[in-house]
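Remarks on the structure that follows.
The values are calculated or read from the model by the stated rules, or taken from the named source; none is laboratory data. The model shown is predicted, which means the values in this text are computed figures rather than measured ones. Cβ: placed from backbone, ideal geometry, glycine included. Neighbour counts: every protein chain shown. SASA here: full protein model, heavy atoms, side chains in, ligands and nucleic acids out. Shrake-Rupley method; radii C 1.70, N 1.55, O 1.52, S 1.80 Å.
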Amino acid sequence: MKIEQLMTRDVRTVGPDDRLDRAAQLMWEADCGCLPVVDGDQHVVGMITDRDVCMAAWTQGRALCELPVRGAMSSRVISCAPSDATVRAERLMRDHQVRRVPVVDGQALLVGLLSLNDLALAAQPGSGTRDVRPDEVADTLAAVGRRPATGPGDDARQQQPASQPVAARSSLIARG
């Protein structure tokens with residue numbers, strides 16, 4: 001099964017210069033936990049989660065309307081193509097411990113988003129999908145939730161001083 005068959009196409013996005021209150025509002029309205037961060041040409045330049053928003057406000061002690069998205073987003077983007085098989089997306093999620101993967105076209109433009117929940121729904125009995133297996137989705141969920149082998153406290157976010165923006169992390173777009 002191809003990713004384009006399961007992905008969400010109508011994806012809300014935010015820009016790196018938008019404020020965190022705007023990101024939080026969009027997540028609330030769309031009932032989602034993350035947003036792709038795109039530049040003016042719709043290239044994915046980062047991802048921001050509801051946790052990123054909360055932690056930025058807490059660590060910096062400032063109101064969301066005072067903080068730009070670029071200071072809280074992850075610029076490490078793991079993406080896939082619409083024509084990729086769902087097994088590739090599952091492998092990316094496992095290897096990089098992410099729950100959501102932006103789907104980009106050949107020009108790296110956002111065309112959708114695939115979540116672990118999309119895979120779980122496709123794996124349900126009666127969904128008509130045979131290519132997405134429940135045991136593989138369970139393995140992916142377990143891998144995503146597993147603590148890094150180095151142990152708690154060694155996470156790059158935890159080591160980074162609160163005064164430095166999280167966006168200082170390197171960018172990676174993994175596509176096949």
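The table below lists the values:
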| item | result |
| --- | --- |
| Percent carbon-and-sulfur accessible area, the stretch 1-80, ignoring ligands, DNA and RNA, probe 1.4 Å | 48 percent |
| Label-point gap, in nm, between ARG62 and ASP105 - each point 7 angstrom along Cα→Cβ | 3.6 nm |
| Long-range HN-HN contacts of GLY112 with modeled amide H, under 5 Å | VAL103 |
| Virtual spin-label span in nm between GLN5 and LEU121, 7 Å along Cα→Cβ | 1.6 nm |
| Gyration tensor over alpha-carbon atoms, the stretch 1-125, equivalent ellipsoid semi-axes in Å | 26, 15, 12 |
